[in-house]
């Protein structure tokens, strides 16, 4: 059996603003499917990725109603990643930077997301095989 | 564990913590006991220049009374025991002399970067 690694990711971009976030979530998905212990420290705009009040919308340009459009909501992606990690025998610990949350009024996060601080990022990184920062450019 | 934070994007999001968010993050982690170093490269080497003044930001009747003082933040980071490196060639390309910088910095050449990275357990390119 392959070694179960512990990986930490630091994310910074707000939802939808950068393809870097899509790439980061795909990397986290791979780690989750492998049953790794995955830590995410969401900093700055990334704290809105699991914001629970995100809502899908219809897309008249596509001629699709809200159900047909199946809009990608990042809160649902985060929930799916947390579930996938658990299903595969691992865990996804998602920590939102608390001060970043306060500044953005983003306190309403989905279940499984917790509030933390830079000290949590340090602890997660210290306990990890490696850490990948995907910063804002 | 010893980590190296590379700061390259300069003057980005300075209104969020009224400083550079990554410099701020490193201050906070150092206060939590982290063993850190910071590397300023690219435009971020300008963070180390003394005498910057970002005061005066105003919108209508609102005034920002605590503007970013990033050079002071860099100096205080070094004062807390965080080694702050600056890439010598990036300083030279911007016409910056050592006398213009806050004290306590370590200059590193581009050729020296691989060795610097190898001396750290984790390297974070913010």
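The values are calculated or read from the model by the stated rules, or taken from the named source; none is laboratory data. All values reported here derive from a predicted model rather than from experimental measurement. In this analysis, Cβ positions are derived from the backbone assuming ideal geometry, glycine residues included, and neighbour counts consider all displayed protein chains.
What to note about this one:
- The combined condition, being in a helix (DSSP H, G or I), within 26 Å of residue A:13 (Cα to Cα) and within 14 Å of chain A (Cβ to nearest Cβ), is fulfilled by residue B:44.
- Lone qualifier among B:75, B:10, B:37 - being within 11 Å of the chain's Cα centre (by Cα), in a loop (DSSP other than H, G, I, E, B), more than 8 Å from chain A (Cβ to nearest Cβ) and closer than 30 Å to residue B:92 by Cβ: B:10
- Screening region A:29-118 for helices (runs of 4 or more DSSP H) wholly inside it with 2 or more residues that are over 21 Å from residue A:135 (Cβ atoms) returns the ranges A:66-69, A:74-87.
- Taking the criterion of being surrounded by 11 or more Cβ atoms within 10 Å (Cβ to Cβ) and either away from chain A (no Cβ under 14 Å) or more than 27 Å from residue A:121 (Cα to Cα) (or both), the residues of region B:110-126 that qualify are B:110, B:112, B:113, B:116, B:119.
- Candidates in region A:113-127 are the residues that are in contact (Cβ under 8 Å) with a residue 24 or more places away in the chain and more than 8 Å from every other protein chain (Cβ to nearest Cβ); of these, the one that is surrounded by the fewest Cβ atoms within 10 Å (Cβ to Cβ) is A:127.
- Every pair of residues 6+ apart whose Cβ atoms lie under 7 Å, when the first sits in region A:98-112 and is within 13 Å of chain B (Cβ to nearest Cβ) while the second is at pLDDT below 95: A:103/B:16
- Of everything listed in (1) more than 10 Å from chain B (Cβ to nearest Cβ); (2) assigned to a strand (DSSP E or B); (3) under 18 Å from residue A:6 (Cα atoms), the single unmet condition for residue A:132 is (1).
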